[in-house]
Amino acid sequence: MKSIHLVSVFCLAVMSGSISFAYGQQDAPRMIIPAGQVSNRIFKVFVPDLSFSPDMNPRLTLMTVRGNKLTELSPAVSNDQTWYEKLDTVPVGYSGALLTFNLGRLRIPWYKSSIRVYPVLRWTVQPEAGDTTGMPALTHAIIHPSFIFIGNRAGTIFYTAVIFVVFIFLSWLWTRKSNQKILGIISTSD
């Protein structure tokens, strides 16, 4: 099942344009996305060892689990940034580009507390100004190796309220059945 998802994401990347596979395994660009992102906040993506110019037109495509394109976003780019993360309790620093995306247009149904997406970052590299070989622009892509969960505040509040109301209702039923107050039921050993 996982291979089907990876194949669908790969097919999206190939169909989106001419994807460059010029990087070796060691120097392939990667993206770092912090966990716990929420849909009504700024979505952060850090790309180590790269910088983006405006003509590169970086864009982030969020793919659903089934391989459908959920949305495509353009970022605000901050080059020459430093990012720290812990690897085996040792802080490691990277320098690169921080891309921030506004997920305000992303619509998550109110009844979902989060969604799982595959982020795919694409950008175009134009040929050099003096290049006369007629090389077309190359589209590079980074596919995040795992799912990212994007939280939905409305869905989270809804489910929290439902669980709280169910707990209060069950407590009320329990107190009616045992003829005790709620603190008496909670604090007794029966």
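Only the coordinates and a few stated rules stand behind these numbers; no lab work does. Every value quoted in this text rests on a predicted model; they were computed, and no experiment measured them. Every residue, glycine as well, gets a Cβ built from its backbone with ideal geometry; the counts of neighbours run over all protein chains shown.
Overview of results
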item: Gyration tensor verdict on region 78-144 (Cα atoms; rounded if a/c is under 1.5, prolate if a/b is larger than b/c, oblate otherwise); result: oblate
item: Inter-site label distance for I32 and K181 at 7 Å from Cα along Cβ, in nm; result: 5.4
item: Taking region 33-190 and dividing mean pair separation by its residue count, relative contact order in percent (alpha carbons under 8 Å, at least six apart); result: 25
item: Additional length obtainable on full extension of the chain from E128 to N40, 0.36 nm per residue less Cα span; result: 27.8 nm
